[in-house]
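Everything below concerns the one structure shown next.
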Amino acid sequence: MIDLTKIVECYSCGLFVKKGDNLNVSQICPRCGNKLETKQNFSIDSLFYAISSLMLFFVLSLYPLISLTLNEQQLDANILKTVYILFEQDFYVVSFLVLFTIILAPLFNSIIIILIFVQLKFKVKIFKKSLLYDSYHFFKEWGFMEVFIISLIVTYIKLVGMVSNTKFDFGFFVILAYVFCFIMSNIKFDTSAILDD
Ligand SMILES: [Zn+2]
C-alpha cells in the first residue's frame with residue numbers, strides 16, 4: 001500500500017505529489033508551480049497543547065470573564081453562565097449555538113486530537129479512522145472561539161461606557177491562553193497522521 005503520509009495534495013490544482021526527503025525545504029508543485037504544504041509529520045506538541053487546552057478550559061469555567069460593581073452589587077459572568085443567561089432569557093437557538101461553537105466544538109476538537117494520539121501510540125482501535133478524521137474536521141470548522149473573544153471585547157467597551165468600573169476578570173486572561181493552546185494544537189496537528197497505515 002502507498003504510504004499516504006508521504007503524499008501531499010496541491011491545494012491549487014489538486015495534483016498529488018510525493019513529498020521530498022527533506023521536509024525543511026519547501027516544495028513546488030510540478031504542474032502549477034504553487035507552493036506545497038509539506039508539514040512535518042504529526043508533532044507530539046499538538047498533544048501537549050490539546051491537553052493544556054482541556055485543563056485551561058476547566059480553569060476557565062471557574063472564573064468570571066468580565067466583572068463590574070453596580071449599586072454595591074458585584075456582577076460577573078463566566079463562560080458557562082453566559083450560555084445559561086441566554087437560555088434563561090429564551091434565546092434558545094442563540095444559546096445552543098454559543099454552547100456548541102464556543103464550548104462543545106473546541107472541546108471535542110481537543111479530545112479527538114488526544115484520542116488520535118492514544119490510538120496511534122497504543123495501536124488500539126476505539127474509533128474508526130475515517131470517523132476521527134471527519135469529526136476532527138467537523139468540529140474544527142464549527143469552533144468559533146475567536147469570534148467569542150471579539151464579542152467579549154465589544155461587550156467590555158459597551159459596558160465600560162455605562163459602568164466605569166467594568167474590568168476584564170481572571171477568566172478573560174485564561175481564555176486568551178486557552179485559545180492560544182487550542183490554535184497551536186491545530187497548527188501542530190497533521191491530519192495525514194490519521195490515515196497513516
Ligand atoms: Zn499544483
TODO: State which residue is surrounded by the most Cβ atoms within 10 Å (Cβ to Cβ) when the search covers only the range 1-20 and only residues that are part of a loop (DSSP other than H, G, I, E, B) and either touching a helix residue (DSSP H, G or I) at 6+ places or on another chain (Cβ under 6 Å) or at pLDDT 85 or above (or both).
DONE: LYS19
Task: Residues (in contact (Cβ under 8 Å) with a residue 60 or more places away in the chain and over 16 Å from LEU54 (Cα atoms)) located in the range 89-142 - done: LEU120, LYS129, LEU132, TYR133
- [ ] Please verify whether the range 60-72 includes one or more residues that are out of contact with any Lys or Arg (no Cβ under 6 Å at 6 or more places or on another chain), among the β-branched types (Val, Ile, Thr) and within 22 Å of PHE180 (Cα to Cα).
- [x] yes
Task: The listed residue being away from the ligand (no atom under 16 Å from the Cβ), at pLDDT below 90 and out of contact with any Gly (no Cβ under 9 Å at 6 or more places or on another chain), out of ILE66, ILE28, ILE51, ILE44 - done: ILE44
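The values are calculated or read from the model by the stated rules, or taken from the named source; none is laboratory data. Predicted, not measured: the structure shown is a model, and the values here were computed from it. Neighbour counts run over all protein chains shown; Cβ positions are idealised from the backbone, glycine included.
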